[in-house]
Amino acid sequence: MAETDKEDSRDEAEADEAPEASKFWLGEIAAAGKRDEEWIKRAREVIKRYRDERGGDSSQKRANILWSNTELLKSALFQGLGNPDVRRRFPKRGKDEKNTKTAALVMERGASYSNEAYDCEAVVRSCVADMVLPGRGVAWVVYDAKVVQNEDTGEDEI
């Protein structure tokens, strides 16, 4: 086996800043998919039941109790985003008081702006629905950087 074809162990891959091969991580992803295969199958069945995608005789009138219970749980678990409240954990008087108050205010205003500018409420509602139905409430945050090359210096800028 060639040196570049060897599979990295977890310790080697995490210790090395640039692993030589990605085989270890591709193996981890494949193992996670295999491990979660049964859960994914059950989760899809739960979603089908929630959406009331029953096959067969449509003349039967049946109530979808899962849907009504889930909607009740979702509204109880999340009613909306609150207002951010950022404070110092250990307040003390001194020369740094003004700086720490200003930093807390900047963080609070930044969080408030993010809640208004981005659709944070929809993400949280999606996570709550994901948690009460198949059993995982996972939010994915994707940062899409726009990189522009500076013509004067030739360096990339974000």
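The values are calculated or read from the model by the stated rules, or taken from the named source; none is laboratory data. In this text the structure is predicted, and so the values were computed from the model without any measurement. All Cβ positions, glycine included, derive from the backbone under ideal geometry; neighbour counts span all protein chains shown. All accessible areas refer to the heavy atoms of the entire protein, side chains included, with ligands and DNA or RNA removed. Shrake-Rupley method; radii C 1.70, N 1.55, O 1.52, S 1.80 Å.
Computed from backbone phi, the HN-Hα couplings of the stretch 39-47 come to 5, 5, 4, 5, 4, 5, 5, 5, 5 Hz, rounded to whole numbers (Karplus: 6.51 cos²θ - 1.76 cosθ + 1.60, θ = phi - 60°; Gly and Pro given as x).
Based on protein heavy atoms only, the stretch 69-156 ends up with 86 Å² per residue of surface accessible to a 1.4 Å probe.
Only lysine pairs 8 or more places apart, or on different chains, with alpha-carbon atoms under 24 angstrom apart are counted in the stretch 41-135, and they number 4.
Pull up the cross-link candidates among the lysines for Lys146, meaning alpha carbon to alpha carbon under 25 Å and not fewer than 8 places away within one chain. Cross-link targets: none qualify. Look at the alpha carbon pairs under 8 Å that are at least 6 residues apart: their mean separation over the length of the stretch 75-131 gives a relative contact order of 45 percent. By its C-alpha gyration tensor, with a ≥ b ≥ c as the square roots of the eigenvalues, how is the stretch 74-158 shaped: rounded for a/c under 1.5, else prolate for a/b larger than b/c, else oblate? Cα axes put the stretch 74-158 in the oblate bin. Under 14 Å from the Cβ of Arg125, count the other residues' Cβ atoms, weight Lys and Arg +1, Asp and Glu -1, and hand me the total. Its environment carries a net charge of -3.
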